[in-house]
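See below for the structure under consideration.
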Amino acid sequence: MANLPSRVRIGAESSRAEVQAGERQTTVKLYLDMCVYNRPFDDQSDLRIKLETIACQMIFEKIQAGKIELVWSFMLEFENELNPFTERKGEIVLLSRLARHLIEPNQAIQVKAENLERNGIKGKDSVHLGCALVGGCSHFVTCDDRIIKRSAALDLRMVVCNPVGFILKEGFQ
């Protein structure tokens, strides 16, 4: 991780259009829910968890290779700070440094999150999705089936899927 990419900050002082005008766009701009960062620490004896862990590892390999642009947010930072497991927290901090984009709190996220809450996506999940939408992400990856199911009923203009589905859909096998 010696050659960490510089980050583009997206916050109250910069609009999405300004950010897009000043950077090269890739086909995949990815927001990972906190459960994805924590998946490798879960009980690997469950087949689904094991498959999702393998997919998460593949995703991070593609990020390191520059084939995917990772987005990190203030909400991910907040959740990671609450993590009681020091080792996990440290590993997630290292992974966060791969992010090319940092989403800071702003009014647009609040508006999106409130709208998502009215449509059945609650609490922190609505803020995470709001961050991904404001950040111009093409994909939101989560291990939470509830978020995937509820998002499917909305026109988010962003793919919401689990890690295995992302790897299969994007052809990164």
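To the nearest Å, what is the center-to-center distance of the range 155-169 and the range 36-96, using C-alpha atoms only? If we compute the Cα centre of each part, the gap is 16 Å. Across the alpha-carbon atoms of the range 23-119, the computed radius of gyration and Dmax are 14.7, 42 angstrom. The mean sequence distance of close C-alpha pairs (under 8 Å, at least 6 residues apart), as a share of the length of the range 8-170, puts its relative contact order at 31 percent.
The calculated P(r) of the range 8-170, using every Cα pair and 10 Å bins from 0, goes 10, 42, 38, 9, 0 in percent.
Bear in mind that the values in this text are calculations on the coordinates, not laboratory data. All of these numbers come straight from a predicted model, not from anything done at the bench.
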